[in-house]
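One structure is given below, encoded as structure tokens.
The values are calculated or read from the model by the stated rules, or taken from the named source; none is laboratory data. No experiment lies behind these values; they were computed from the predicted model shown. Using ideal geometry, Cβ is built from the backbone for each residue, glycine included, and neighbour counts are taken over all protein chains shown. We work out accessible area using only protein heavy atoms, side chains counted, and drop any ligands, DNA or RNA first. Shrake-Rupley method; radii C 1.70, N 1.55, O 1.52, S 1.80 Å.
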2 protein chains.
Amino acid sequence: MARMSFEFELVARDSATRARAGILHTPHGELHTPVFAPVGTQATVKAVTPRDLREVGATLVLANAYHLYLRPGAERVAQLGGLHAFMGWSGPLLTDSGGYQVFSLEGLRDVDDDGVTFKSHLDGSLHRFTPEKVMEIEQLLGADIAMAFDECPPPLDRARVETALVRTHRWAERCQRAHTRPDQALFGIVQGGAYADLRAESARFLTSLDFPGYGIGGLSVGETRAERGAILEVMDDTLPRDRPRYLMGVGDPADFFEAVARGVDIFDCVLPTRLARHGAVFTSHGRVNLHNARLAGETAPIEPGCECYACRNFSLAYIRHLFKAGEILGLHLATVHNLHFLLALMGEIRRAICAGTFGEMYALYHERSSGGGQQASGNGFQASGLESG
Amino acid sequence: MARMSFEFELVARDSATRARAGILHTPHGELHTPVFAPVGTQATVKAVTPRDLREVGATLVLANAYHLYLRPGAERVAQLGGLHAFMGWSGPLLTDSGGYQVFSLEGLRDVDDDGVTFKSHLDGSLHRFTPEKVMEIEQLLGADIAMAFDECPPPLDRARVETALVRTHRWAERCQRAHTRPDQALFGIVQGGAYADLRAESARFLTSLDFPGYGIGGLSVGETRAERGAILEVMDDTLPRDRPRYLMGVGDPADFFEAVARGVDIFDCVLPTRLARHGAVFTSHGRVNLHNARLAGETAPIEPGCECYACRNFSLAYIRHLFKAGEILGLHLATVHNLHFLLALMGEIRRAICAGTFGEMYALYHERSSGGGQQASGNGFQASGLESG
């Protein structure tokens, strides 16, 4: 029933890699995949307005059920018209279930087969999440896509990964039974740590539950790029090709190439906004530190030719001044640029897939990032020379 | 010579009060007076972009010579194309000379007849301002209007006020001699503390120097509204009617009425932006504290009918949530609203002067603010019931 609203059309597949371009239909508009979602944990992407998000090309925005449950409360958001109205974002929204956040509360939580009891990071108050409770929260929030409640164990402790996997699968079934909102898609989350066999088992089990989309959780937690690539290939082999795959918590330019080439459709990450607030901005020549003294007289923008508001209007010297002076406008401009940079890159990647040239783009990226490294110079697409730190 | 570019046309005078409406021509556009200038001390109005400033109706923006001299340096700003290019504001700019800031450095400065030696509030380094040095700085910055370097003594110590007044007058002459930039107007600053006779003497002396405009300094430092009103009437009696008068550091809705009614044309104040960052917003019913728990479920905007971006798109409940969660967007939205509120009010005041109805508006404001106080309800213009704290 719910699936009717969430049709996923594949519009192009790359012949040289596993990359695909698609359209995911949601009640709040179409998502052209591959897509990167800026993160608005507390119902705001830090330091920008919804209008800014539209202008940098954002289509999907992520918020966090755990954070919004604690503050201002899911019932409160529902009373105020739901998350779209609350945060003034009329496009598609996705809520993470909060599993990752709850299991990050080391020492503040106690997990059993039924759910998890934890202390609020805000005031120490005691709370309990079960799959049913999390579905209640996410349905009150009313994002277009809700993620199932899962357990995120340390990825290299096989015994714990196996135990968590059983729970994650039982919880996925319970989430599915508890989820009734027809204008919201519930995505299952594949776990299995760094173990290909467990990952495949998880993908097969969740596929049997027939979710309209699948999250790939528990990655981007310290594994090498090769390890992650191997897992993603297992995912592409075992998850259904006609459903979107969402690689959770990944948002570096280099990661985009590697994961798109392995069939990933959706990304989210706090990286571009967090880096921006620390004064680090993406450019086609690598990251630039806005605190750098050599920028004090630099009349060029962050990235010549970039169409973002920051690059169209301000010099590096001015933005550096804002950071040195502790001015909020610095955080804002750096955030606008980083989001625009990543979203423009993802747009280029999608266009290449549709034009049948992604294989070449990917090969060129590989050649340049392995050859030139941080010093790679002028190039045909924005991410060349960019390696994640 | 310079004056050619800075013609001040009076377009309307109120018959019931001393209020006037004018047009001040500057190299970066016309200023329709009375006008309120948001303060961008460090070459940015805190928490908003130049585009936001245009949208809330700002025409004149203030920056501070003392702050920009210390960081990033006046030569640096000049090398980067001047203050307009540096901060991305193509409209008229005004720089305060920094006199007020330097004389606020109690214990960190040493004044003599030639100038003042002071320690930077940033790093304790030693600097010296003379009238000539300040003119050099302001001409490097290149605002449309530069303020003379003056001494701001405590307003109720007559001996010190008299000594400072002699200095301020000598310094005004030296500023005038040192100021050569034809695309920048130099305004003299009237001092004289709380003493009507000294104020009149200062106004007469500075008028003899024939400045294209006059600042009224050393007010808004603790005097009562009645005391300030009396001084402003002396100013109106002694300053030339065909030159703009700028009441420095005043920006409360109630102050607008009282000062405009006494012939003031230009205002600036950090109040609306500073209050906003502390979660206090102007409304037609008085200030609202955005931290207030009773707003948690409030679906209305800050001010129903307000045309600002914050009020068109967000509920009080959401903005309160942003403040509780420590989100930058809260500071931004409150700042946008407060600036829009004051600028819209000044626009209403100007239209009333031009329509010949300011006297009625002022009488109505008086009636309501004395009768209803903070609890005053619905009204015909935005500032009723607003008293400065």
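What does the copy distance list look like for A:Glu367, label position 7 Å along Cα→Cβ, in nm and ordered from shortest?
A:Glu367 label point versus its equivalents elsewhere: 8.1 nm.
For chain B, give the magnitude of the charge dipole about the Cα centre (Cβ charges: +1 Lys/Arg, -1 Asp/Glu; no others), in debye to the nearest 20.
It comes to approximately 700 debye.
Per residue of B:45-52, what is the mean number of Cβ atoms on other protein chains within 10 angstrom of that residue's Cβ? All intermediate terms of the calculation are to be shown ahead of the outcome.
Details: counts 2, 4, 6, 3, 9, 4, 2, 3.
Other-chain Cβ atoms within 10 Å of each residue's Cβ, averaged: 4.
Carbon and sulfur atoms: what percent of the 1.4 Å accessible area of the protein assembly as shown do they account for?
51 percent
For a Förster distance of 45 Å, can you work out the FRET efficiency between the beta-carbons of B:Ala12 and B:Asp157, rounded to the nearest 0.05?
After rounding, the FRET efficiency stands at 0.70.
Which GluC sites (Glu not before Pro) in region A:1-63 pass both tests, a DSSP loop state and at most 14 other beta-carbon atoms within 10 Å?
A:Glu7
In whole Å, what is the distance between the alpha-carbon centres of region A:160-236 and region B:226-261?
69 Å
Within the set A:Lys133/B:Lys324; B:Lys119/B:Lys324; A:Lys46/A:Lys133; A:Lys324/B:Lys133; A:Lys46/A:Lys119; A:Lys133/B:Lys46, which residue pairs have Cα atoms separated by over 32 Å?
Over 32 Å Cα-Cα: B:Lys119/B:Lys324; A:Lys133/B:Lys46.
Per DSSP H run of n ≥ 4, the term is -39500 (n - 2.57); total these for the protein assembly as shown, divide by its residue number, and report the mean residue ellipticity at 222 nm rounded to 500 deg cm²/dmol.
Values: 30 runs with 317 residues, N = 778.
When only DSSP H runs of four or more count, the value is -12000 deg cm²/dmol.
Can you work out ³J(HN,Hα) from phi for every residue in region B:270-277, in order, using Karplus 6.51 cos²θ - 1.76 cosθ + 1.60 and θ = phi - 60°, giving whole Hz and x for Gly and Pro?
Here the 3J(HN,Hα) series is 7, 3, x, 7, 5, 4, 4, 5 Hz.
DSSP H helices in chain A with Cα extent of 24 Å or more along the helix axis and mean Kyte-Doolittle hydropathy at least 1.0?
Values: long enough: A:158-178 (29 Å, -1.00); A:328-355 (40 Å, 1.13).
Long hydrophobic helices here: A:328-355.
If you take the beta carbon distance between B:Asn289 and A:Ala254 as r and set R0 to 45 Å, what does 1/(1 + (r/R0)^6) give as a FRET efficiency, to the nearest 0.05?
With a Förster radius of 45 Å, E is 0.45.
Calculate, for the protein assembly as shown, the solvent-accessible area per residue in square angstrom, rolling a 1.4 angstrom probe over the heavy atoms of the protein chains.
Value returned for the protein assembly as shown: 35 Å² of accessible area per residue.
Can you give the FRET efficiency to the nearest 0.05 for A:Asp210 and B:Arg274, using r as the Cβ-Cβ distance and R₀ = 51 Å? Spell out each step's value before the answer.
Numbers: r = 56 Å, r/R0 = 1.10.
The formula returns an efficiency of 0.35 here.
Residue by residue through B:79-89, how many Cβ atoms from other chains fall within 10 Å of the Cβ on average?
4
Which is farthest toward the positive dipole end of chain B among B:Leu316, B:Pro27, B:Val48, measuring Cα position about the Cα centre, with Cβ charges +1 (Lys, Arg) and -1 (Asp, Glu)?
Farthest along the dipole direction, towards plus: B:Leu316.
With respect to the axis carrying A onto B, what is the closest chain A residue by Cβ position, and how many angstrom separate it from the axis?
Axis-proximal residue of A, distance in whole Å: A:Ile328, 3.
Can you list, shortest first in nanometers, how far B:Glu307 lies from the same residue in the other copies, with each label 7 Å from Cα toward Cβ?
With the label placed 7 Å along Cα→Cβ, B:Glu307 yields 2.9 nm.
In debye, nearest 20, what is the charge dipole magnitude of region A:45-150 about its Cα centre with +1 on Lys and Arg Cβ and -1 on Asp and Glu Cβ, if you could check?
For this selection, approximately 520 debye.
Under a point spin-label approximation (7 Å from Cα along Cα-to-Cβ), what is the A:Arg71-B:Asp183 distance to one decimal in nm?
4.8 nm
Put a label point 7 Å from Cα along the Cβ direction on B:Gly229, then list its distances to the equivalent points in the other copies in nm, shortest first.
Nearest first, the other copies' label points are 7.8 nm away.
Given points 7 Å out from each Cα along the Cα-Cβ axis, report the A:Arg54 to A:Asp237 separation in nanometres with one decimal.
Distance between the two pseudo-spin positions: 4.5 nm.
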